[in-house]
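To start, the structure under review is shown below, and the notes come after it.
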Amino acid sequence: MKNVLLIPRIKIHNANALSSPYSIGFPAMTAWLGAVHALERKLKAKEFSGLEFKSMGVVCHKIDLRTYKGNGDYVYSIIGTGNPLDKSGKRPSFIEEARCHLDVSLIIEFIYRGLDEEELVQAVDYLLQGHMKIAGGDIISFSPPELHDDYDESRQRKLLRKLMPGYCLIERRDLMLKAMADGQDGIDAMLDFLKVTHHCEIDDNEKVQWTSNRKEKGWIIPIATGFQGITELGTAENQRDSDTPHRFAESIVTLGEFVMPHRISDLDNILWYYHADLENNLYLCQQNKHVNKKQGEL
């Protein structure tokens, strides 16, 4: 039994596509959970103190990565912004930032106590109209938010059909763990699942036949799912929040997979939540329920 807030078809302009220090593409999972957390805090500030967002899922309907590859180019280049000229008439220095345009839907599992549903929908609608960003990008438009109260399994398929056509992002950490248990280094294991291997054979008619494949079936991608602290808790000069301990951290990158909603049997397979493993200095985004092997092979 779940209570679900669905925000369909959010069009986002210039979202941050630099998901980790060495991967570019779909925004990091920390960005999506961060946006939902920001929405929850803004709602609580608007007298929804009994509201709690437990977990969330993201479904991508369309992504336009702002890159360019010209004729004869070997690699893609980032499409940068045209910054205004400085007072000397020259282009100012800038840091290249990978951006993308997105069309996504957000599914948010929530708990409420004495909540007026109509007021909640109106408040969410108001906050998304120019009062917040998602993954660093501007919200251009979105369809009206929907509440699905007392959500049960019999109505799950109806909600999942609303997310078509699209792709749910799920974690495939199991692939990394298995490869590393077999002795592979973490980076080597990740690249092994991402690379495309090409083979050629000569058939009976002496024609060359090419085949291409990957180690695992499915749309496997690298995703950033959190951070690991690399320093002790302390204070830093000019830190944003003087009341919260500060520490430097590095991104945690693992494997994920895009799966179409009609292949999902349990809504928990696509919902993510925050998890802090303080003993190991880990700040993670984890799934409510990992997909089993059979689902991962679809």
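For the range 162-201, give me each residue that is of a type in the set (D, E) and farther than 14 Å from T254 by Cα. Break it down stepwise before answering.
Of the range 162-201, the ones of a type in the set (D, E) are 171, 174, 182, 185, 188, 192, 201.
Answer for the range 162-201, where residues must be of a type in the set (D, E) and farther than 14 Å from T254 by Cα: D182, E201.
Which residue, of L106, L127, is in contact with a strand residue (DSSP E or B) (Cβ under 6 Å, 6 or more places away or on another chain) and not in a loop (DSSP other than H, G, I, E, B)?
Checking each option against the conditions leaves just L106.
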- Condition met for Y167 (over 28 Å from R263 (Cβ atoms) and of a type in the set (S, T, Y)): no
- Item | Looking only at the range 244-260, and only at residues there that are among the small types (G, A, S) and under 15 Å from the mean Cα position of the chain (by Cα), the one that is surrounded by the fewest Cβ atoms within 10 Å (Cβ to Cβ) | S251
- Query: Based on what the data block shows, is N205 more than 17 Å from the chain's Cα centre (by Cα) and not assigned by TED's automatic domain parsing to the domain that holds V36?
  - Reply: yes
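When you look at Y273, is it touching a residue at least 60 places away in the same chain (Cβ under 8 Å) and part of a strand (DSSP E or B), yes or no?
Values: touching a residue at least 60 places away in the same chain (Cβ under 8 Å): yes; part of a strand (DSSP E or B): yes.
When the stated conditions are applied, Y273 passes them.
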- Query: If you check I63 against the conditions, is it within 17 Å of C168 (Cα to Cα), in contact with a Pro (Cβ under 9 Å, 6 or more places away or on another chain) and not in a helix (DSSP H, G or I)?
  - Reply: no
- Query: If we keep just the residues of the range 82-103 that are touching a strand residue (DSSP E or B) at 6+ places or on another chain (Cβ under 8 Å) and in a loop (DSSP other than H, G, I, E, B), which is farthest from E47 (Cα to Cα)?
  - Reply: E96
- Note on the structure: Over the range 84-118, the set of residues of a type in the set (D, E, K, R) and either surrounded by 19 or more Cβ atoms within 10 Å (Cβ to Cβ) or touching a residue at least 12 places away in the same chain (Cβ under 8 Å) (or both) is E96, E97, R99, D103, E109, R113, E117
- Under 8 Å by Cβ, and 6 or more places apart or on different chains, what pairs join a residue from the range 204-225 that is more than 30 Å from V58 (Cα to Cα) and in a strand (DSSP E or B) with one that is at pLDDT below 85 and acidic (D, E)? Q209/D203
- Query: Which ones in the range 149-169 are under 13 Å from S105 (Cβ atoms) and not in a helix (DSSP H, G or I)?
  - Reply: L163, M164, P165, G166, Y167, C168, L169
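Quick one: would you say G229 is over 30 Å from P8 (Cβ atoms), surrounded by 15 or more Cβ atoms within 10 Å (Cβ to Cβ) and either in the same structural domain as S154 (by TED's automatic domain parsing) or in contact with a strand residue (DSSP E or B) (Cβ under 7 Å, 6 or more places away or on another chain) (or both)? Spell out how you get there, then give the answer.
Working: over 30 Å from P8 (Cβ atoms): yes; surrounded by 15 or more Cβ atoms within 10 Å (Cβ to Cβ): yes; either in the same structural domain as S154 (by TED's automatic domain parsing) or in contact with a strand residue (DSSP E or B) (Cβ under 7 Å, 6 or more places away or on another chain) (or both): yes.
Considered against the rule, which asks whether it is over 30 Å from P8 (Cβ atoms), surrounded by 15 or more Cβ atoms within 10 Å (Cβ to Cβ) and either in the same structural domain as S154 (by TED's automatic domain parsing) or in contact with a strand residue (DSSP E or B) (Cβ under 7 Å, 6 or more places away or on another chain) (or both), G229 comes out as yes.
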- Task: Please list, ordered by first then second residue, the pairs with beta carbon atoms under 7 Å, 6 or more apart or interchain, first in the range 148-166 and of a type in the set (S, T, N, Q), second at pLDDT 85 or above.
- Result: Q156/L267
- Residues within the range 154-181 that are closer than 19 Å to T30 by Cβ, of a type in the set (A, V, I, L, M, F, W, C) and surrounded by fewer than 21 Cβ atoms within 10 Å (Cβ to Cβ), tallied: 1
- Task: Being over 14 Å from A31 (Cβ atoms), touching a Leu at 6+ places or on another chain (Cβ under 7 Å) and assigned by TED's automatic domain parsing to the domain that holds G136 is the filter here, so list the residues in the range 83-106 that pass it.
- Result: S105
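The values are calculated or read from the model by the stated rules, or taken from the named source; none is laboratory data. All figures in this text were calculated on a predicted structure; none of them were measured in a lab. FYI the Cβ positions are ideal-geometry reconstructions off the backbone, even for glycines, and counts take in every protein chain you see.
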